[in-house]
1. Before we move on, is G120 in contact (Cβ under 8 Å) with a residue 12 or more places away in the chain, buried (at least 16 other Cβ atoms within 10 Å of the Cβ) and farther than 26 Å from L14 by Cα?
2. Restricting attention to the range 192-211, which residues are surrounded by 23 or more Cβ atoms within 10 Å (Cβ to Cβ), in a helix (DSSP H, G or I) and of a type in the set (S, T, Y)?
3. Would you mind stating whether G135 is surrounded by fewer than 18 Cβ atoms within 10 Å (Cβ to Cβ), over 22 Å from F210 (Cβ atoms) and touching a Ser or Thr at 6+ places or on another chain (Cβ under 9 Å)?
4. Restricting to the range 8-20, name every residue that is under 18 Å from V144 (Cβ atoms), open to solvent by 20 Å² or more (accessible area, probe 1.4 Å) and not in a loop (DSSP other than H, G, I, E, B).
5. Of all the residues that make up the range 118-142, how many are of a type in the set (K, R) and assigned to a helix (DSSP H, G or I)?
6. Can you find even one residue in the range 180-203 that is touching a Leu at 6+ places or on another chain (Cβ under 6 Å) and more than 18 Å from T96 (Cα to Cα)?
7. Please enumerate the residues belonging to the range 221-246 that are within 20 Å of D36 (Cα to Cα), part of a helix (DSSP H, G or I) and either without any contact (Cβ under 8 Å) to a residue 40 or more places away in the chain or open to solvent by 50 Å² or more (accessible area, probe 1.4 Å) (or both).
8. Considering the range 160-190 alone, what residues qualify as being β-branched (V, I, T) and within 24 Å of I40 (Cα to Cα)?
Amino acid sequence: MSEFRQKCIGRTNLVGSFAAIPHPVAVEVMAQSGLDFLCIDWEHAQISRDMIETMVRAADVHRVPAMVRVPGHAPEAIQAALDSGAQGVLVPRVSTAAQAQAAVKASRYPPKGERGVGPGRAAGYGYRIPEYLAGANDRIVVAVQVETAEGLANIEAITAVDGVDVVFVGPGDLSVSIDAVGPNGAGRLADAIRTIIGATVAHGRTSGIFCASPQNVGRWAAIGASFFVLASDTMFLGAGTAANCAAARDELA
């Protein structure tokens with residue numbers, strides 16, 4: 001757990017998944033599957049703030065690092081996620097260097113940032129504040145998600161921001177933003193992803209990307225990506241159910 005950030009910035013190949021089902025049982029099932037980390041999806045899933053802490057706690061039981069994809073850029077959301085005990089945050093729709101800098105400031109304690117000190121779960125509800133403060137800046141992963149045409153245009157500036165650990169590609173939103181949806185846009189989307197990964201690696205940052213299927217992992221690893229979020233608990237649930245249902249029907253045929 002304590003080595004998670006070092007593995008991220010050291011470009012160790014890591015495979016995680018989004019946790020979108022708002023229940024600790026789902027987190028525990030995913031945590032026992034062999035994943036290197038989980039990313040609780042507070043942005044797109046129906047997860048409440050109090051459930052974030054419960055889900056992080058469930059991941060902690062199995063010693064699997066849990067990050068949180070926060071709903072937006074608000075420092076209050078970033079602090080809430082980190083106070084819950086999360087090992088890092090993934091900040092969506094980062095399109096400028098200023099937005100990346102704001103994410104870093106909200107995630108780090110002074111003098112490196114502006115994160116507020118509070119008696120949350122991460123700090124032992126107030127009983128371990130000094131100990132937590134002493135190591136939090138070195139342990140917390142700050143990942144920014146580039147998924148817009150503006151972010152693509154500003155990728156050199158974003159990747160140059162001090163304190164950004166992971167630059168994460170969101171292919172879905174990126175494809176919409178650059179008008180590269182579907183088979184006809186596949187080439188244009190791939191070029192954009194290569195541009196983002198290339199700039200990230202050139203600036204010494206860790207490159208990450210969402211992969212809906214494992215077949216895409218090797219493709220992006222070959223050009224420098226090392227941080228992969230593979231599908232989600234809901235996607236695995238649906239795919240597994242569909243595959244087993246189809247197999248059962250084949251047995252009946």
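The values are calculated or read from the model by the stated rules, or taken from the named source; none is laboratory data. In this text, all values refer to a predicted model and were calculated from it rather than measured experimentally. Reconstructed Cβ throughout: ideal geometry from the backbone, glycine too, with neighbour counts over all protein chains shown. The accessibility values were calculated without ligands, DNA or RNA, using every heavy atom of the protein model including side chains. Shrake-Rupley method; radii C 1.70, N 1.55, O 1.52, S 1.80 Å.
1. yes
2. T200
3. Yes: the conditions hold for G135.
4. Result: I9, single match.
5. 2
6. The answer is yes; a qualifying residue exists.
7. If we filter the range 221-246 for residues that are within 20 Å of D36 (Cα to Cα), which is where we start, we get 221-222, 224-237.
Then keep just the ones that are part of a helix (DSSP H, G or I); that gives 221, 233-237.
Residues satisfying the conditions are T234, M235, F236, L237.
8. Matches in the range 160-190: V164, V166, V167, V169, V176.
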